[in-house]
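A quick write-up on the structure given underneath.
Read-outs throughout are calculated quantities, based only on the coordinates presented, and are distinct from any laboratory measurement. If you're wondering where the values come from, they're calculated on a predicted model, not measured in any experiment. Note: ideal-geometry Cβ built from the backbone for every residue, glycine included; neighbour counts use all protein chains shown.
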Amino acid sequence: MPTYPGGPAARVIETLIAFSQTKDANITTATAAAGTSAFRMSKLNVDLMDYELTAEDDAAEIGKGDEFATAVFPVSNQMRGRVEKYLSSEIMGWAIAFGFGSSVASVSGGGTKHLASPFNPVTLGLELPYLTVVEQIRPGSTPVVDRSLFGTAIDGFQIDFTSSPARDSAKIVVDLIGTGSKTEPSGVTMPAVTSPHELKASSLILAGTMLQVSATDYVTAKTFVSCTIGYKNNLTARYAPGGGTQAGGALATALEVGTRAATFSAIVRLVNGSDEFQKITNSTTGPAQLDFTGPSPHAGNVTFAKLGWKAAKIDNTNGIVTLRLDASILNPGSGIMSAFAVNSIAKQGAEP
Amino acid sequence: MSSFASNLKPGDIQAPTAQAGTPAPKVWLSAPGADKPEQFEAKDEILLPLMNQGYIQVAGPTEAK
């Protein structure tokens, strides 16, 4: 057997990953809970969190005698990351609680219902609840990666339902942004993996006038093909003066929501009686609700209070004539959307 | 049907009252700037307008430290 000075090369599949289940105390505090009540899970994408200490050089500066750089200077710390998973009640509750920023936990049918909706920045400020990401490869005496990335927030998430016999019939993608703050080694002992209770597309139930053809919902009418639900906070990292440094680079002092946006698109089969074009012509609007379930009591829901189709395009999906629908998400005054997940986790996000 | 009460206005929100049958779960919420939390029934149509106004969930008085 060959020997390696630093040990054998590590494979990405060895990565262990966990997140705070409830919010951190603040942007500069890595939660101690990461070691005791962290949400450890598996994921589909191979990417590790994209932490970067950016640096600038002096190539453009006058006075060196030529255009070539002579030195580099650390500038700032940044972090971005993505988690892709098959949709489960656990990841959905976590994503909506942290991603919307406002959620309430209550007992529901043998589980805990986490009801969430986009938070109100007028009263709660521009910052979402912060969380910690822990990544490890061979933690212990000879770690390859062992870091705690705190001051992280959910920039957005996307839920996809597709026509598939496999687990990929329902997926979620969660995008994270961090201040770049980190602790190495993390000092965290990984908990056991939280068993996911998956919510498959086959359980989907639709309600609301905008998800109907000829007064029958798309699922019942057997015309539903797929849909995508998206929510984006468009976070901006604020590097305010006095924010402190790490490894010579500035740290973000806040991650602030920008122009938030919710999206919903769907593909349905075009049939005689399809009235989507008429709905656009008439500026028809109405509610849309998607419910999906896993093993009892695990469940999920997304409700748009009011939407209208802004585009309908005749397309083909595997040779079948379909309509590609894009929605404008409207605010009737009581909020644009809500979502809930029922799982066995007592508290997620900012819930006390 | 949608459980999202789009026609519910802030003035419509009432404290929970005793009802026959199984009582709905209750949660403690705190209004922005309020020093005392209030208890509400854990129903979507009650909670969502409150959350939209900036109410946040807090531990109840018996759980408060």
Item to check | Loop-located GluC sites (Glu not before Pro) in segment A:2-80 whose Cβ has at most 12 other Cβ within 10 Å (DSSP) | outcome: A:61, A:67
Checklist entry - If you project the alpha carbons of the protein assembly as shown onto their three principal axes, what span does each projection cover, largest first, in Å? => result 72, 61, 55
Checklist entry - Per Stokes-Einstein, at 25 °C and 0.890 mPa s, what whole-number D in µm² s⁻¹ belongs to segment A:33-94, with the Kirkwood radius over Cα pairs as the hydrodynamic radius? => result 156 µm²/s
Checklist outcome for this item: Taking every residue of A:333-340, the Cβ atoms of other protein chains inside 10 Å of its Cβ average out to 5
Checklist outcome for this item: Stokes-Einstein, Kirkwood over Cα pairs, segment A:68-223, 20 °C, 1.002 mPa s; D in µm²/s equals 114 µm²/s
Checklist outcome for this item: With R₀ set to 25 angstrom, the calculated FRET efficiency between the beta-carbons of residue A:144 and residue A:29, to the nearest 0.05, is 0.45
Checklist outcome for this item: Most exposed to least, judged by fewest other Cβ atoms within 10 Å, A:94, A:309 sort to A:309, A:94
Next on the checklist: Rg and Dmax in Å for segment A:224-352, alpha carbons only: what are they?
Outcome noted: 20.2, 65
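Do the alpha carbons of any pairs in A:232/B:43; A:85/B:26; A:310/B:43; A:113/A:200; A:64/A:182; A:113/A:171 sit beyond 24 Å of each other, and which pairs?
Values: A:232/B:43 26 Å; A:85/B:26 32 Å; A:310/B:43 32 Å; A:113/A:200 18 Å; A:64/A:182 35 Å; A:113/A:171 20 Å.
Listed pairs above 24 Å: A:232/B:43; A:85/B:26; A:310/B:43; A:64/A:182.
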Checklist outcome for this item: Once both label points are put 7 Å beyond Cα along the C-beta direction, the residue A:209-residue A:9 separation in nm becomes 6.1 nm
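At a 10 Å Cβ-Cβ cut-off, how would you order A:146, A:57, fewest neighbours first? Don't skip to the end; give the middle numbers.
Values: A:146 20, A:57 12.
Neighbour counts put them in this order, fewest first: A:57, A:146.
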Checklist outcome for this item: Rounded to the nearest 0.05, FRET efficiency between residue A:234 and residue B:24 (Cβ-Cβ, R0 56 Å) equals 0.95
Item to check | Over the protein assembly as shown: helical MRE at 222 nm, DSSP H runs n ≥ 4 each giving -39500 (n - 2.57), nearest 500 | outcome: -2000 deg cm²/dmol
Next on the checklist: Testing the spin-label approximation: label points 7 Å from Cα along Cα→Cβ at residue A:57 and residue A:265. State their distance in nm.
Outcome noted: 4.0 nm
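For residue A:164 and residue A:272, FRET efficiency with R0 = 22 Å and r from the beta-carbon atoms, rounded to 0.05?
Numbers: r = 27 Å, r/R0 = 1.22.
In this case the efficiency is close to 0.25.
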Checklist entry - How do B:48, A:251 line up, fewest other C-beta atoms within 10 Å first? => result A:251, B:48
Checklist entry - What are the semi-axes of the equivalent ellipsoid of segment A:263-329, taken as the square roots of 5 times the eigenvalues of the Cα gyration tensor, listed largest first and rounded to whole Å? => result 24, 17, 9
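Can you give me the Rg/Rh ratio for segment A:111-203, using Cα atoms for both radii and the Kirkwood formula for Rh? Don't jump to the answer; show the numbers that get you there.
Details: Rg = 17.3 Å, Rh = 16.5 Å.
With Rh from the inverse mean 1/r over Cα pairs, Rg/Rh is 1.05.
Please report the relative contact order for chain A, taking Cα pairs under 8 Å with a sequence separation of at least 6, and give it as a percent rounded to a whole number.
Working: 892 pairs, mean separation 73.0, N = 352.
Worked out over chain A, it gives 21 percent.
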Checklist entry - Going by the alpha-carbon gyration tensor, a ≥ b ≥ c the square roots of its eigenvalues, is segment A:160-200 rounded (a/c under 1.5) or, if a/c is not under 1.5, prolate (a/b greater than b/c) versus oblate? => result oblate
Item to check | Choice from A:68, A:119, A:157 showing the highest fluctuation, given a GNM over chain A with Cα pairs closer than 10 Å | outcome: A:68
Next on the checklist: Residue by residue through A:107-118, how many Cβ atoms from other chains fall within 10 Å of the Cβ on average?
Outcome noted: 3
Checklist entry - Given 10 °C and 1.306 mPa s, how large is the Stokes-Einstein diffusion coefficient of segment A:1-113 in µm²/s, with Rh as the Kirkwood radius over Cα pairs? => result 85 µm²/s
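Quick one: length gained pulling residue A:202 to residue A:69 fully straight, 0.36 nm per residue minus the C-alpha distance?
Working: separation 133, 0.36 × 133 = 47.88 nm, distance 5.84 nm.
Going from the current span to full extension adds 42.0 nm.
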Item to check | Length released on extending from residue A:123 to residue A:328, taking residue separation times 0.36 nm less the Cα-Cα span | outcome: 71.2 nm
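Which order, highest average first, do A:98-111, A:257-270 follow once you tally other Cβ atoms within 10 Å for each residue and take the mean per peptide? Walk me through the numbers before you get to the answer.
Numbers: A:98-111: 22.6, A:257-270: 18.0.
Descending packing order for the listed peptides: A:98-111, A:257-270.
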